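Note sheet for the following structure.
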Amino acid sequence: MPPVTLLLPPALVGALWDHAEREAPRECVGALGGRLMASGAEAAALYPLANVSSDPERTYLAHPGHLLRALRAMEAAGLTLVGLYHSHPRGPAEPSLTDTRLAAYPVPYVIADLRTRTLHAYRLPEGLPVALRLEEPLD
Ligand SMILES: [Zn+2]
């Protein structure tokens, strides 16, 4: 079962939007490393990945080598995969049929809707919303 909530500190939120704006009108994609807590997961690092989709303005496909490298970097830092993110340059904030069909990891999928500048997270393929907490960890 993936976490019920995903905590995304402001610095990572900023990095995610920077990545999304840099890639627009193409969709960006990246991984979030962090820690699993009793009440959910806390993201601690963001790993931008290359979108190698043949139609990057409408779909995303993370570069497999980049994803593997990110997962190894997480492991070396004592982190685990707690989320995957991508952008929808023209919205909406909901997962597309392709997003749902291709979802392969049991972690929240964060979608950055550039049109409304909102972030939403879902468990896929179920399509269940995951609560995002955009705040500093309590520690
Ligand atoms: Zn999508």
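Scanning the chain for GluC sites (Glu not before Pro) lying in DSSP loops with no more than 11 further Cβ atoms inside 10 Å, the longest uninterrupted stretch between such sites is 1-125.
Using a Gaussian network model of the chain in which every pair of alpha carbons under 10 angstrom is joined by a spring, one finds that among Ala77, Ala38, Ala121 the greatest mean-square fluctuation is at Ala38.
For the chain, the share of DSSP beta bridges that are antiparallel, to the nearest 5, is 70%.
Among the trypsin sites (Lys or Arg not before Pro) found in segment 61-139, those both in a DSSP coil and sparsely packed, with 12 or fewer other Cβ atoms within 10 Å of their Cβ, are Arg115, Arg117. A viscosity of 0.890 mPa s and a temperature of 25 °C, combined with the Kirkwood radius over Cα pairs in Stokes-Einstein, give a translational diffusion coefficient for the chain of 167 µm²/s.
Using the Cβ-Cβ distance between Ala131 and Ala77 with R0 = 22 Å, the FRET efficiency computed as 1/(1 + (r/R0)^6) comes to roughly 0.30. Considering only alpha-carbon pairs that sit under 8 angstrom and 6 or more positions apart, the relative contact order computed for the chain is 29 percent.
Values quoted throughout were computed directly from the atomic coordinates according to the rules given, and no laboratory measurement underlies them. Since the model is a prediction, treat every value here as computed from it, not as a measurement. Here the Cβ is made from the backbone with ideal geometry for all residues, glycine too, and neighbour counts use every protein chain on show.
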